[in-house]
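> Could you have a look at this structure, given as C-alpha cells, before my questions?
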Amino acid sequence: MKLHHKLTSIAVGLSLMAGAQSRKIDFEKYELDNGLEVILHEDHSTPIVTVSVMYHVGSKNENPTRTGFAHFFEHLMFEGSENIERGEYMNIVQNSGGTLNANTTQDRTYYYQTLPSNQLKLGLWLESERMLHAKVDQEGVETQREVVKEERRQRYDNQPYGDFIEQMFSRAFTQHPYKWTPIGSMDHLNAASIDEFRDFYKTFYVPNNATMVISGDFESDEAKELIADYFKDIPKGEKEIPFPKVEPAKVKGPIVDTVYDEIQLPAVFTGYRIPKATHPDFYALSMLNSVLAGGESARLQRTLVDEKQLALQVGSFPYGLEDAGLFIFISLPNTGVDLTDLEDGIYAEIEKVKKNLVSEKEYQKIKNQEKADFVSSNSTTSGVANSLARYDVLYDDVNLINNEIDKYMEVTREDIQRVAKEYLTKENEIKLYYLPADQQNQ
C-alpha cells in the first residue's frame, strides 16, 4: 500500500508540474471610482464560485497601545450588519450550500466564501454589507472579546511552545510593528472603547483599502453589473490609512534567551532575519528551505531524525512578510539528547550548504517540488482567489499568478549557497531555548 500511495503521489506531482507549464490563469482587473480594486477569473470547470475580499490591514497597522485589533475585526465582521441579524452571517452561507472563512496576518485580513455558482449575488451582497455597514456595537465587541480570549488560551497560552512566534518576533523586530503578532494583547482589547473600534472600522474597512476577487463559474458581464449595484455607491474612506514608516532594524545577534513553559520536552527555536517576500533573495531562501526541510527526504529529517536520531522533530520555514521576514528552525531533541548536540547537528547541515553546492539531482528535485506546490496552490477557485488577492495587495503585480514560478526556476545552485552564507549567520541569529517550567529555579 505504501508503494502504491508513493507512486500515486509521484503521478499527481508529475501531472501538476506539466500543468505548471501549460495552464495560464486569465483574469481581468479594474477599479471602481471609490478605489475598490476588482479582479475577475472565470473558470467554468465546476459549478462553484469564490467571492473574496482582502483588506490591506494587519497587525502592523495597529496602534502600539491597541494591538490585536486587526485579528479582532476578523471575528467581529461576522457579527452581522444593518440587514443581517446578529450571528446569521455564517448560517446564510452554509444554508445556501457554501463554506466560508477568514484569516489575518501582520499585513492583511482576508475574507472568502465559496458558493454554488447560482449564489454569486448572495456572496456579493454579503461582502458589501460587511464593507458598508457592519455591526460595530457594544454587544458584538463584548461577545468577540470572549471569543478571542478563548482562542488565545487554546492556541497560545495552553499549547506547548504555543507562543514561540510571539517570542521570536518580539526579539527580531525591536522597533518595527512586527514586534507584536496578530493575536495582540488582551489587555489592549479590554481597555479599548467602542469609539476606538468604530474608528478602526472607518479607517481600514473602506473600498480604497480593499481588493475583491471573484473566481469560478460566472459570467463577467453579469458580475460587473452586480458589483456596480452593490459596491459603487459605498463611500471612499476619508481617513489616512496608516502604514509603518520605520524600517526594520538589523538583528544585532546572536540573541539568546530561555523561555520556561509548561512542557515535557525541551526545544530550541532559531530565527534569522530575511528580506521581505518581494525581494529576489526570498525565492532562493524558499528553495534553501526545500533543501533543508522540504519533505521526508530533506536533509534535516534524513540526517538528524532518521540517521543520527538526534531529533524527535526538526524542520524550518521562511516566514515571508511585506516589510521583512524570518527564516525559522524548529527542533525537539530525541530522548536523552542534549539540546547543544541537536543544535550542532543543525549547524552542520547549514554549513554543508554553505561549503558545497547542492547536487544537480537535489536541485532538480526541489525545482520539481516548487512547480508542484505552485500549481497545487492554484488548483481550486478558492486557491486562485487567494493568490490573485495576495499578489495584488502585497506584491502589486497580479500576473505573478502566472509567472512567479519563473522566479523560482531562475534561482541557481549558487544562489542557494549565497543566501545561506549571507543570512544564516550568528550575527543575524535569534535563539530561544524552551525548557520545562519546573527547571526555572534549579
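The values are calculated or read from the model by the stated rules, or taken from the named source; none is laboratory data. Since we're looking at a predicted model, the values are computed, not measured. All Cβ positions, glycine included, derive from the backbone under ideal geometry; neighbour counts span all protein chains shown. Accessible surface areas use protein heavy atoms only, side chains included; no ligands, DNA or RNA. Shrake-Rupley method; radii C 1.70, N 1.55, O 1.52, S 1.80 Å.
> Anything in the range 374-398 that is of a type in the set (Val, Ile, Thr) and open to solvent by less than 30 Å² (accessible area, probe 1.4 Å)? List them, or say none.
Step one: list which residues in the range 374-398 are of a type in the set (Val, Ile, Thr), which gives 375, 380-381, 384, 393, 398.
Across the range 374-398, the qualifying residues are Val375, Thr381, Val384, Val393, Val398.
> Take the conditions hydroxyl-bearing (Ser, Thr, Tyr) and either open to solvent by less than 20 Å² (accessible area, probe 1.4 Å) or in a loop (DSSP other than H, G, I, E, B) (or both) and apply them to Tyr272. Does it pass? Steps first, please.
Details: hydroxyl-bearing (Ser, Thr, Tyr): yes; either open to solvent by less than 20 Å² (accessible area, probe 1.4 Å) or in a loop (DSSP other than H, G, I, E, B) (or both): yes.
Yes, satisfied.
> A follow-up question, please. Given the conditions (1) farther than 18 Å from Asp195 by Cα; (2) assigned to a helix (DSSP H, G or I); (3) in contact with a Pro (Cβ under 8 Å, 6 or more places away or on another chain), report the number of the one that His71 does not fulfil.
(1)
> Among residues belonging to the range 330-341 that are more than 25 Å from the chain's Cα centre (by Cα) and surrounded by 18 or more Cβ atoms within 10 Å (Cβ to Cβ), point out the one that is nearest to Val256 (Cα to Cα).
If we filter the range 330-341 for residues that are more than 25 Å from the chain's Cα centre (by Cα), which is where we start, we get 333-341.
Still in the list and also surrounded by 18 or more Cβ atoms within 10 Å (Cβ to Cβ): 333, 337.
Numbers: Pro333: 18, Val337: 20 Å.
Per the stated criteria, the residue is Pro333.
> Continuing with the same structure: Which of the following residues is in contact with a helix residue (DSSP H, G or I) (Cβ under 6 Å, 6 or more places away or on another chain) and open to solvent by less than 40 Å² (accessible area, probe 1.4 Å): Tyr161, Tyr178?
Working: Tyr161 fails: in contact with a helix residue (DSSP H, G or I) (Cβ under 6 Å, 6 or more places away or on another chain).
Tyr178 is the lone residue from the list that is in contact with a helix residue (DSSP H, G or I) (Cβ under 6 Å, 6 or more places away or on another chain) and open to solvent by less than 40 Å² (accessible area, probe 1.4 Å).
> For the range 399-432, how many residues meet the condition of being open to solvent by 50 Å² or more (accessible area, probe 1.4 Å), within 29 Å of Thr174 (Cα to Cα) and of a type outside the set (Lys, Arg)?
Result for the range 399-432: 2.
> Also, I was wondering about something else. Tally the residues that are in contact with a helix residue (DSSP H, G or I) (Cβ under 8 Å, 6 or more places away or on another chain) and either farther than 25 Å from Thr203 by Cβ or surrounded by fewer than 18 Cβ atoms within 10 Å (Cβ to Cβ) (or both), restricting the search to the range 126-144.
2
> Would it be correct to say that Asp344 is surrounded by fewer than 20 Cβ atoms within 10 Å (Cβ to Cβ), modelled with pLDDT under 95 and assigned to a helix (DSSP H, G or I)? Step through it out loud before you land on a result.
Numbers: surrounded by fewer than 20 Cβ atoms within 10 Å (Cβ to Cβ): yes; modelled with pLDDT under 95: no; assigned to a helix (DSSP H, G or I): yes.
Against the criterion (surrounded by fewer than 20 Cβ atoms within 10 Å (Cβ to Cβ), modelled with pLDDT under 95 and assigned to a helix (DSSP H, G or I)), Asp344 does not qualify.
> Among the listed residues Phe317, Phe243, Phe327, which satisfies the condition of being open to solvent by 50 Å² or more (accessible area, probe 1.4 Å) and either modelled with pLDDT under 95 or in contact with a Leu (Cβ under 7 Å, 6 or more places away or on another chain) (or both)? Reasoning before the result, please.
Values: Phe317 fails: either modelled with pLDDT under 95 or in contact with a Leu (Cβ under 7 Å, 6 or more places away or on another chain) (or both); Phe327 fails: open to solvent by 50 Å² or more (accessible area, probe 1.4 Å).
When all the criteria are applied, what remains is Phe243.
> Still on this structure, please answer the following. So Phe72 passes all but one of these: (1) touching a Gly at 6+ places or on another chain (Cβ under 9 Å); (2) surrounded by fewer than 18 Cβ atoms within 10 Å (Cβ to Cβ); (3) in contact (Cβ under 8 Å) with a residue 40 or more places away in the chain. Which condition number does it fail?
(2)
> Can I ask one more? Which ones in the range 279-303 are of a type in the set (Ser, Thr, Tyr) and either buried (at least 17 other Cβ atoms within 10 Å of the Cβ) or at pLDDT 95 or above (or both)? Give the steps one after another, and end with the answer.
Step one: list which residues in the range 279-303 are of a type in the set (Ser, Thr, Tyr), which gives 283, 286, 290, 297, 303.
Within the range 279-303, Tyr283, Ser286, Ser290, Thr303 meet the criteria.
> Let me ask you something else. Can you spot a residue in the range 212-234 that is within 19 Å of the chain's Cα centre (by Cα) and touching a residue at least 60 places away in the same chain (Cβ under 8 Å)?
Initially, the range 212-234 is screened for residues within 19 Å of the chain's Cα centre (by Cα), giving 212-213.
Narrowing further to those that are touching a residue at least 60 places away in the same chain (Cβ under 8 Å): 212-213.
So far as the range 212-234 goes, yes, one or more of its residues are within 19 Å of the chain's Cα centre (by Cα) and touching a residue at least 60 places away in the same chain (Cβ under 8 Å).
> Check Val358, Val337, Val291 and return the single one that is β-branched (Val, Ile, Thr) and more than 23 Å from Val268 (Cα to Cα).
Values: Val337 fails: more than 23 Å from Val268 (Cα to Cα); Val291 fails: more than 23 Å from Val268 (Cα to Cα).
The match here is Val358.
> May I ask you to say which residue of Asn63, Asn34 is modelled with pLDDT of 95 or more, within 18 Å of Asp195 (Cα to Cα) and either of a type in the set (Lys, Arg) or surrounded by fewer than 19 Cβ atoms within 10 Å (Cβ to Cβ) (or both)?
Within the list Asn63, Asn34, the selection yields Asn63.
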